[in-house]
Structures are given as C-alpha cells and as structure tokens.
C-alpha cells in the first residue's frame, strides 16, 4: 500500500517500505543536516552544469551544419541522382557534393584532410571553428538552391568559394561570433 502524506513525500508499507521524498526535498533536508553535504551538493551541481555545457557546446556547433543536411541531400537526390545508379555510385555523388562544400570553405577534400591528419578521428568538419561551421551551414543552403537551379558543379564551386571568403571575413570580425567562440573555448 502506498500512502502520500504530503506533497513530495510518499510513505510505503511492507518489506521494502519506507518514506521517500522528492529529490529537491531530500537535498534540502540533507543540506539542513550537514553543511559538508551542502557544499558537496553545490560543487557536484556546478561540475555537472559545466559538463553539460561542454556537451551542449559541441552539439550546437556540430548540429549547426547537420540541420541543413536534409535540404542539401534532398536537392542532390532530386536533381543529381538518376534512378539507375548503384548504392556505391549514389554514395559517390553525395561525397562529391560534400567535397564541393569542403573545397569552397576549407580548400581541400575530405580525403586530402584525412591524408594530412591520419592521427585525428572524425572529419574536417569536426575540427572546424564556430565561424566555419556557420559559414558551412549557409553554403549547404546555397548549394541546394544552386543544384535546384541546375547550375554546373564547377560553377557552383567557384560561386560558393567566393561566398565563403566573403562570409568568413565578416564572421571573423563579428563580435557575436567571437563571443560564441570564446564561450566554446572556455568550456
């Protein structure tokens, strides 16, 4: 039998019975009983918040480019992939388009970056800074538009490179981006 005596408290009878409190009430009680427990709890909470912020920062930076993936990949699928291609050929088309963006922004393909960085895990985008990731998200959208408009890959690469250069100049001077970078560097 379970009996609630007050809001946030539960009393249970029987072999595994006892009185249970909501975590907030239990912490408050523990802090009232022991100053040492209160300090431990506050420090642990701060540590967890810092850990959460680090994970959130990485997630935000990386998700920034992944959000546009669907728009970009749908444009590729609808405009650049004929029905009769094999899975390997389809993957090559997607990789080729990813390298258009890599070349436009970073000046190298994914393979070139991997050859230059054999000791690093992940890919070139995992090591990009906030400004580069923001620019990359913009380039993904623009490339999708260019693909939908039927622009040739070589022309798209030139256009995207010019846009990337212009955007990076602005982003590297922008105080908002510097603030984001500072927050990510301090975590």
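The values are calculated or read from the model by the stated rules, or taken from the named source; none is laboratory data. What you are looking at is a predicted structure, and each value in this text was computed from that prediction instead of being measured. Note: ideal-geometry Cβ built from the backbone for every residue, glycine included; neighbour counts use all protein chains shown.
Mind listing whichever residues of the stretch 121-144 are more than 16 Å from residue 107 (Cβ to Cβ) and without any contact (Cβ under 8 Å) to a residue 60 or more places away in the chain?
Once the filter is applied, which keeps residues that are more than 16 Å from residue 107 (Cβ to Cβ) and without any contact (Cβ under 8 Å) to a residue 60 or more places away in the chain, the stretch 121-144 yields 121, 122, 138, 142.
As an exercise: evaluate residue 1 against (1) exposed (fewer than 11 other Cβ atoms within 10 Å of the Cβ); (2) at pLDDT 85 or above and give the number of the one condition it does not meet.
Just one mismatch for residue 1, condition (2).
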